[in-house]
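Please treat every number below as a calculation from the coordinates, not as lab data. All of these numbers come straight from a predicted model, not from anything done at the bench. For neighbour counting, all protein chains shown are included, and Cβ atoms are generated from backbone atoms with ideal geometry for every residue, glycine included.
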Amino acid sequence: MESMDSGQIIGLSKFWGMLASGTLRNLGYYAATEFPWEEEIPFSGNVFAPAREYIRREPIGVCVGIIPWNFPISMASWKIAHAIVMGNTVVLKPASVTPLTALIMAEAAQAAGIPHGVINVLTGPGAELGKTLCTHPDVDKIAFTGSTVVGADIMRMASDTVKKVTLELGGKSANIILDDADPDLAVEGAIFGTFFHQGQVCESGTRVLVAGKIYDEFVERMAKRAEELRVGYQLLPGTHQGPLVSAGQLATVEGYVRLGVDEGAELVTGGTRVHPPGFEGGFYYAPTIFANVRNDMRIAQEEIFGPVVCVERFDSDEEAVTIANDSMYGLAGGVFSNNYARAERIARQVRTGTMWINNFHIFADFAPFGGYKQSGVGRELGGVGLAEYTQVKRIHMNAAASRTANFTMNLFSDDPRVDTLQYKAPTNVLAGHGTLAGLPQAVVSLGCRRAMILTDAGVRQAGLTQLVQNALCDFCVGVFDDIPADSDLATVDAATAKARELGADCIVSVGGGSVIDTAKAVCVTLKNGGEANDHIALMRLTEPQTPHIAIPTTAGTGSEVTNVAVIHDAKMDRKVYIVDANIIPNVAILDPRLTIGLPARLTAATGMDAITHAVEALTSTLAQAVCDGQALHALRLMKEFLPRAVANGEDEQARVQVSVAACMAGWAFSTAQVGLAHSMAHTIGTLHHAHHGTVCGIVLPKVMRFNAEHAADKLAMAAQALGVDTTDMTDHDAALAAADAVEALMREIKHPMTLRELGVPEDALEAAALHALADTATLFNARPVYDPAEVLELLRQAF
Ligand SMILES: NC(=O)c1ccc[n+]([C@@H]2O[C@H](COP(=O)([O-])OP(=O)(O)OC[C@H]3O[C@@H](n4cnc5c(N)ncnc54)[C@H](O)[C@@H]3O)[C@@H](O)[C@H]2O)c1
């Protein structure tokens with residue numbers, strides 16, 4: 001039936017039943033087992049709205065398939081299969097000259113019990129039916145295979161009701177024959193690529209581009225093969241090429257052949273009708289080859305859709321690509337060569353939907369087909385093709401159904417505090433005298449045996465690196481100690497390179513915040529490849545990173561338990577952040593023997609860092625109960641033990657309590673975030689190389705007074721934790737008293753009180769104010785900060 005209807009040779013038609021049912025089965029299988037109907041988005045990229053985010057693919061609805069006359073049953077099976085396996089219904093309109101096999105499929109669907117209305121076949125003239133289908137408001141999608149002119153019309157008609165449209169349109173594909181191609185294969189590829197099914201195939205290789213070196217001989221061999229093809233009745237088993245589909249198509253082909261001759265192309269063979277004995281008068285046309293065709297001739301630019309091929313010449317691979325791309329079409333193409341690397345380079349450069357290397361006309365149910373440029377929109381077959389038959393729905397499920405949990409909706413609130421709780425603190429903490437001895441067990445429990453120590457020169461000089469190396473026994477594969485204060489991306493890259501060279505499977509960081517933060521970034525870079533700058537991101541990681549054991553040697557960054565790495569970006573002169581639950585160190589060891597030698601000045605400064613963490617976490621707009629408890633207890637411990645640790649560095653009990661307070665403050669701010677004091681400290685630290693904790697301490701009381709009204713209740717609690725008797729005070733007065741208490745503590749521990757003492761120049765304050773305003777920490781400050789003049793005023797006070 002298919003052969004009688006379309007003129008296809010029986011040698012081809014006899015496969016269609018099997019191929020069509022194969023496509024239905026394969027696409028059905030893919031839709032049922034492989035297609036990603038639902039996809040979880042593990043991290044949304046929005047740090048302010050914790051939620052489950054996922055994608056659901058849903059059917060589009062009523063799909064119309066409009067198909068051409070060249071491969072009726074194949075095209076019908078594609079359109080039906082894509083639509084129904086993805087849960088849609090389909091209205092199929094076969095070409096008016098070849099409707100029969102589609103009607104047989106409709107009967108088969110009915111006999112099989114497919115519910116009425118799922119598969120519909122409508123026959124009739126394209127102009128009228130097409131218009132009805134493409135403008136009908138109940139139609140959701142149109143999939144059309146046919147000419148570019150009609151495709152453009154369909155797109156126009158569909159636009160009024162904004163239907164989804166996929167189009168498989170015309171082509172003028174280039175089949176590129178390189179000088180190193182296998183000659184027998186290439187000649188056959190050129191012949192088969194063009195004359196298969198009388199050339200009535202959209203993706204035919206109708207422009208054969210041949211390397212100059214082999215051009216003449218190649219054309220000669222092609223002509224010989226073309227003349228050997230048997231043109232005749234399609235049901236005779238030995239026929240290679242049947243009739244054209246209609247008198248109209250025959251006339252088109254004859255017209256183009258006349259045009260080719262007029263344009264000056266050399267007609268090598270063919271160019272005439274064929275009259276097989278007994279079938280005279282049929283629409284048979286001889287395989288026709290034009291040589292010495294220039295690519296700007298109309299026969300090389302326009303789709304002929306018959307057994308006519310243009311053979312063009314090129315002299316370099318670049319020229320072949322240029323000619324191939326000089327077309328309004330981009331449906332398919334081929335490269336014949338014995339050098340696959342060379343062929344692949346060319347295949348990648350041709351702007352077209354399919355490239356065959358040493359082959360042509362090969363389709364696969366799981367490999368997508370479709371066109372670049374005016375050859376179409378969208379794809380068919382494979383997962384990509386099936387996705388065209390779905391809508392994408394994103395579903396967002398807020399993880400906290402509370403008005404006050406909504407950071408964004410809080411824009412409409414005068415009290416933008418978030419009060420729900422999401423808390424994660426996975427670090428295993430070992431604290432107390434002698435806990436460094438637990439290090440080998442920590443390494444083994446992480447499944448590791450090759451630890452690299454990260455540290456800095458000061459820590460090494462204090463003898464601490466050696467202590468840790470001894471504790472690690474055989475597990476230490478090397479030490480990287482070239483970490484400056486506030487280390488930068490280049491340091492992370494250098495340390496990562498060393499870890500890669502050593503084959504390290506875990507990192508042991510020994511030092512202050514600069515070392516521990518560097519280690520966090522190294523763990524991310526080691527795990528994910530590339531360089532540090534590739535990984536500056538917020539909440540992007542979906543799995544654990546390279547294991548990390550942090551051993552702090554200063555008194556207060558808390559970095560050993562936090563989810564943030566602060567790294568200096570020297571190019572931007574700015575601190576940049578990785579914020580992610582997956583960078584929290586696995587183990588923290590707080591052994592007082594490692595902080596005992598820390599100079600009093602640094603003990604005070606890093607202690608003030610922890611106090612700033614606690615106060616800012618307590619007053620942040622993201623503050624919540626767990627963090628409040630941690631922050632307040634951190635303040636109590638610091639108030640009692642920081643002065644002792646500063647006064648007598650060897651007071652082990654004070655050292656441990658200060659370290660524990662730093663952890664608690666770190667846990668608190670990891671969830672609740674910090675505020676304006678940190679923005680200012682990051683800025684002054686970056687621009688003037690002042691120590692982070694020291695600047696935090698200097699600016700903190702000023703920021704507390706700035707926030708006194710907006711966070712009166714929280715600062716009043718801070719005042720109590722710092723030992724102030726607030727019995728007869730309003731919250732606002734208590735808040736101010738908390739700031740005074742911080743200053744009193746600073747004097748007690750001989751902490752610098754002004755930025756001037758640190759050598760920060762006064763004329764730098766204005767730039768610093770603007771810079772600080774752009775730091776993300778200001779987002780969470782209790783009192784909204786929008787005005788650089790306000791920040792400047794605080795910096796002046798601090799100066
Ligand atoms: N990721 C976080 O959670 C977090 C929190 C706070 C601060 N930070 C960052 O940490 C950095 C500041 O860290 P820091 O204050 O610990 O300073 P640091 O790491 O820069 O160390 C300061 C100096 O102290 C020396 N030192 C450290 N321990 C010593 C010891 N026991 N004995 C003698 N000398 C010792 C070091 O060699 C260094 O010269 C800043 O970059 C800051 O942004 C990160």
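Over all distinct Cα-Cα pairs of region 146-195, the Kirkwood formula returns a hydrodynamic radius of 13.8 Å.
The 3J(HN,Hα) values that the Karplus relation (6.51, -1.76, 1.60; θ = phi - 60°) gives for region 24-38 are, in residue order, 4, 5, 5, 5, x, 4, 5, 4, 7, 10, 10, 5, x, 5, 10 Hz. Gly and Pro appear as x. Close amide-amide hydrogen proximity is noted between L209 and N175, I176, I177, E312, each under 5 Å apart and 5 or more residues distant or on a separate chain (H modeled in the peptide plane; Pro and chain starts excluded). Over the Cα atoms of region 598-733, the radius of gyration divided by the Kirkwood radius equals 0.97; this is the Rg/Rh ratio.
Entry for region 11-64 at q = 0.13, 0.18, 0.20 Å⁻¹: log10 I(q)/I(0) = -0.58, -0.80, -0.87, Debye formula applied to identical alpha-carbon scatterers, no solvent contribution.
Under the definition of Cα pairs under 8 Å and six or more residues apart, what whole-number percent is the relative contact order of region 286-410?
16
Out of region 707-767, which trypsin sites (Lys or Arg not before Pro) are coil in DSSP terms and have no more than 15 other C-beta atoms within 10 Å? Filter output for region 707-767: K750.
Normalised by residue count, region 488-585 yields a Cα convex hull volume of 85 Å³ per residue.
The Rg/Rh ratio of region 217-301, with Rg taken over Cα atoms and Rh as the Kirkwood radius over Cα pairs, comes to 0.99. Taking a label point 7 Å from the Cα of M409 along the Cα→Cβ vector, which residues of region 35-50 have an amide N closer than 14 Å to it? So the set is 49-50. Averaging the sequence gap over all C-alpha pairs within less than 8 Å and six or more residues apart, then dividing by the number of residues, gives region 725-799 a relative contact order of 28 percent. Between N358 and T123, the simple spin-label model (points 7 angstrom out along Cα→Cβ) gives 4.5 nm. Note: region 1-130, Cα convex hull, 148 Å³ per residue. Over the chain, Cα pairs under 8 Å with separation of 6+ residues give a relative contact order of 9 percent.
I'm checking a number: the convex hull volume of the Cα atoms of region 665-799, normalised per residue, in Å³. What is it? Looking at region 665-799, the number lands at 102 Å³ per residue. Highest average first, the peptides 567-576, 175-184 ordered by how many other beta carbon atoms sit within 10 Å of their residues are 175-184, 567-576. Computed extension length for Q349-A647: 100.1 nm, one decimal, from 0.36 nm per residue of separation with the Cα-Cα distance subtracted. With the largest listed first and rounded to whole Å, the semi-axes of the equivalent ellipsoid of the chain from the Cα gyration tensor are 75, 30, 23. Once divided by 2.2 N^0.38 Å, the Cα radius of gyration of region 750-799 becomes 1.19.
Can you tell me the mean projection area, over all orientations, of the convex hull of region 60-115's alpha carbons? Units nm², please.
Projected area, direction-averaged: 3.6 nm².
Take each peptide in 197-205, 239-247, 339-347, count the other Cβ atoms within 10 Å of every residue, and average; sorted highest first, the result is 197-205, 239-247, 339-347.
May I ask which of K14/K224; K141/K393; K575/K639; K702/K750; K14/K131 have a Cα-Cα span longer than 22 Å here? In this structure, K14/K224; K575/K639; K14/K131 exceed 22 Å between Cα atoms. Among the cysteines of the chain, C63, C134, C202, C310, C473, C476, C523, C627, C663, C696 have no other cysteine beta carbon within less than 4.7 Å of their own. Once Rg and the Kirkwood radius are both taken over the C-alpha atoms of region 319-389, their ratio Rg/Rh works out to 0.99.
With a simple spin-label model that places each label point 7 Å from the Cα along the Cα-to-Cβ direction, the separation between A251 and A108 comes to 3.5 nm. Amide H contacts of G333: T354, W356, each under 5 Å away and 5 or more positions distant or on a separate chain (H built 1.01 Å from N in the peptide plane; Pro and chain starts excluded). Phi-derived couplings, Karplus 6.51 cos²θ - 1.76 cosθ + 1.60 at θ = phi - 60°, listed residue by residue for region 587-596: 9, 10, 10, 10, 9, x, 4, 8, 10, 4 Hz, with x used for Gly and Pro. Percentage of Cα-Cα pair distances in region 542-635 greater than 21 Å, rounded to whole percent? Tail fraction, whole percent: 45. Backbone phi angles across region 84-97, fed through the Karplus curve with coefficients 6.51, -1.76 and 1.60 (θ = phi - 60°), yield HN-Hα couplings of 6, 5, 9, x, 9, 9, 9, 10, 9, 10, x, 4, 5, 8 Hz in residue order; Gly and Pro are listed as x. Around the amide H of Y285, modelled in the peptide plane, lie the amide H atoms of L244, V274, all under 5 Å away and 5 or more residues distant in sequence or on another chain. Computed FRET efficiency, Cβ-Cβ of A437 and E709, R0 56 Å: what is it to the nearest 0.05? Using R0 = 56 Å, I get an efficiency of 0.65.
With the simple spin-label model, which puts each label point 7 Å out from Cα in the Cβ direction, the T135 to D179 separation comes to 5.8 nm. Taking one quarter of the surface of the convex hull spanned by the alpha-carbon atoms of region 410-542 gives a direction-averaged projected area of 11.0 nm². Of all the Cα-Cα pairs you can form in region 697-772, what percent are over 13 Å apart? Within region 697-772, distances greater than 13 Å cover 67 percent of Cα pairs. Here is the tail figure for region 388-488: Cα pairs spaced more than 16 Å apart come to 74 percent of all pairs.
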